[in-house]
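Peer 1: The structure's right below; bear with me while I get my questions together.
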C-alpha cells in the first residue's frame, strides 16, 4: 500500500519565516517566483501535449473521413489554428461524436467559403484546456 501525505504544516513554516532576515526573505520570494514560473511553463507544455495526443488525432481522422485538406498552425502562446478545406463541402454527421467533442473545445469556430471551397477553421487556446 502506498501512502502519500500532502498535508502542509504551516505552523512550522510560519515560525521559520518569522526568523528570516530581509536578505533571506528576498531569496525566498525569488525562489517562490521561480517555482511558480516553472510550474506555469510545465502546465502550458502539458496542455499542448494533451491537445496533440487527444484532439489532433480526432481532427486528422475527420480530415481523412471527410476527404478534406488539413492544415495546422501553432504559435508560441499555445494558440492552435486548424483548417479544413473541401471543394464539395464539409459535413458533420449526427453520430460524429469525436469531432463534436473536438468542436466543443474550440475557442472559435469559423465556417466560410473561398474560391469555391468550404472552409472550417477551428481555433484552440491550449491555455484554456484545464
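Peer 1: Hey, rough spin-label estimate for residue 38 and residue 69, points 7 angstrom out along Cα→Cβ, what's it come to in nanometres?
Peer 2: With each label point 7 Å from Cα toward Cβ, the separation is 4.5 nm.
Peer 1: Kirkwood hydrodynamic radius, the range 80-125, all distinct C-alpha pairs: what's the number in Å?
Peer 2: On the way: mean 1/r = 0.0898 Å⁻¹.
The Cα-based Kirkwood calculation yields 11.1 Å.
Peer 1: Rg and Dmax in Å for the chain, alpha carbons only: what are they?
Peer 2: 23.0, 72
Peer 1: Then there's this: Determine which residues of the range 72-97 fall in the zone a paramagnetic label at residue 60 would reach in this model, i.e. backbone nitrogen under 14 Å from the point 7 Å along Cα→Cβ.
Peer 2: Under 14 Å, as judged by backbone N against the label point of residue 60, lie 72-73 of the range 72-97.
Peer 1: Additional query: Kindly express, to the nearest 10 degrees and within the range 0 to 90, the angle between helix 22-50's C-alpha long axis and the longest C-alpha principal axis of the chain.
Peer 2: Between the helix axis and the principal axis of the chain, the angle is about 20 degrees.
Peer 1: What 222 nm value per residue comes from the helices of the chain, counting each DSSP H run with n ≥ 4 as -39,500 (n - 2.57) and dividing by all residues, nearest 500 deg cm²/dmol?
Peer 2: Working: 4 runs with 57 residues, N = 130.
Mean residue ellipticity at 222 nm (helix-derived): -14000 deg cm²/dmol.
Peer 1: Between 33, 23, 64, which gets the highest mean-square fluctuation from a Gaussian network model of the chain, Cα cutoff 10 Å?
Peer 2: 23
Peer 1: Using the alpha-carbon atoms, what tilt in degrees (0 to 90, nearest 10) does helix 56-65 show relative to the longest principal axis of the chain?
Peer 2: 0 degrees
Since every read-out is calculated from the coordinates, none of them should be taken as a lab result. Source: prediction; values computed, not measured. Cβ coordinates were reconstructed from backbone atoms using ideal geometry, including for glycine residues, and neighbour counts include every protein chain displayed.
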